[in-house]
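Laboratory data are not the source of any read-out in this text; all were calculated from the coordinates shown. Quick caveat, the model's predicted, so the values are computed rather than measured. Because the Cβ atoms are built from the backbone with ideal geometry, glycine has one as well, and the counts that use them run over all protein chains shown.
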Amino acid sequence: MTSAATRPDVKRGTIPVFATATAITVSNIYFTQPLLDKIAGGFRISPSAAGLVATTGQIGYALGIVAIVPLADGVRLRRLSTLLLVVTAVALLAGAFAPSLALLSMATLVLSASTVLPQVIMPTVVSMAAPGQAGRVLGAVGTGLTMGALLSRTAAGLVAEAAGTWRACFVIAALATGALLLVLPRYLPAQPPARTGAPESYLRLLASLPRLIAEHAPLRLSAALGGTVFAAFSAFWSTLAFHLSAAPIALGPAVIGLFGLFSVPGALAARYSGRLTDRWGARRVNALSLTSALLAFALFGFAGQSLVALAVGCNLLGYGTTSGQIANQARIFAARPAIRARLNTVYIFAVFAGGAAGSAVAGVLFAAYGWTGAVGAGLGFLLLAGSVLAWHALRTRLGSGRAAVAARVVQKDVADSVHVGGTGGPQ
């Protein structure tokens, strides 16, 4: 990322630092998932009981999105980032030495709630972008987020295998998060976002969220598209392990754990969708992302027993999901800087809710109809997203047509007025 993507007053190297910080912090949400079996063995409990760790992690992240991210619209980001990194690192260390599942779950709840820095960084980096470069910087930082989510599971499995204990993963995550304290705050703005009025209290910031939904049509569109596409994404990934472990594929857990690496090329390619958003606009990139995701599910449906087809589909789905998110956030971040963090709060919460719905629906349909049911769930969510985008495009076109007609009527009225005034005056 060259300096041309950011304003001249932005410190050199900011975008790589933000992308790295995003990857490290988002990994704290996902690295526990492949460790659940080892956690169950360590505490001598059932795997289903160990699943409480993953559940509390998701709950904590949702709470952090709603309760912490809005603060970025009204506080000094250097102080906020420092506090969040300290809390996260301490909670990770507490998890590493937790003597019971209950205390480990509490530590996971806290660390997940405080590791929402990626959603603070996203609106911040747009404020630092040069004119016309918002999509480009979002693409760079968004790629870091996706890579952290994808690779954290694989890295955690390898570390736990090498160290012989799941606790080593928590220690390494704490060290990586703590190291960010030496770097990240220095690259964040020293002052809070510019405000048009008096500072808002924390409660007023939270109370403004429903009003933003009502007032900002771009937010409603992005939330609908982000939620439905991520629902399809979650429908696939929440059932893939069951599909791969069943006959006739019958893969072992080690190979299944590495399967997520197949999505990396697609996620890396999505970085360039930020530049496409700057050139084409968010709606066209949304259409491209939906096309990619639909092609992925077509492969899953017609060639679901082929590992090659599944790998290609993973890349198409990863590209479609990530590029769509970049376009969605570029659309909402076109608003004034003072409300961007709250807009992102609503958007990410909608995406999170969509992912939960996708996993739930796919789980029910997979139990009833197998892989065909899971694919059908994903396709259903994508078709819903396509309908939303098509309806928006139609309304925009009709609105533009009416505006053009109104403009022509006004021009005709003005011309007639000039004509009448000219012929009725002194000769």
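Would you mind working out the magnitude of the charge dipole of the chain relative to its Cα centre, with +1 at each Lys and Arg C-beta and -1 at each Asp and Glu C-beta, to the nearest 20 Debye?
920 debye
Counting pairs of alpha carbon atoms under 8 Å apart in space and at least six apart in sequence, what relative contact order in percent does the stretch 206-415 give?
With pairs under 8 Å counted, the relative contact order is 37 percent.
Under DSSP H, which helices of the chain have Cα atoms covering 24 Å or more of the helix axis and a Kyte-Doolittle average no less than 0.5?
14-30, 47-67, 77-96, 134-163, 217-245, 282-302, 307-332, 340-369, 371-424
Counting other C-beta atoms within 10 Å, and keeping those with at most 11, which DSSP coil trypsin sites (Lys or Arg not before Pro) do you find in the stretch 226-327?
Qualifying residues, ordered by number: none.
Using Cα-Cα distances under 8 Å and only pairs 6 or more residues apart, what relative contact order does the chain have, in percent?
22 percent
Rounded, prolate or oblate: which one fits the stretch 164-250, using the alpha carbon gyration tensor with axes a ≥ b ≥ c (rounded when a/c is under 1.5, else prolate when a/b beats b/c, else oblate)?
Oblate is the answer for the stretch 164-250, as a/c is 1.5 or above yet b/c matches or exceeds a/b.
Starting at 0 and stepping by 10 Å, how many percent of the alpha carbon pairs of the chain end up in each bin?
5, 20, 30, 25, 12, 4, 2, 2, 1, 0, 0
In a shell of Cβ-Cβ distance under 13 Å around ARG275, excluding ARG275 itself, what net charge do Lys and Arg (+1) and Asp and Glu (-1) give?
+3
Could you tell me which of HIS243, ALA362, ALA267 has its Cα farthest along the dipole of the stretch 206-415 towards the positive end, charges placed at Cβ (Lys, Arg +1; Asp, Glu -1), taken about the Cα centre?
Highest projection toward the positive end goes to ALA267.
Where Lys and Arg each count +1 and Asp and Glu each count -1, what net charge lies around PRO123 among other residues with Cβ under 14 Å from its Cβ?
After counting each charged neighbour, the total is +3.
Label-point separation (nm) for LEU182 and ALA367, each offset 7 Å from Cα along Cα-to-Cβ?
According to this spin-label approximation, the distance is 4.9 nm.
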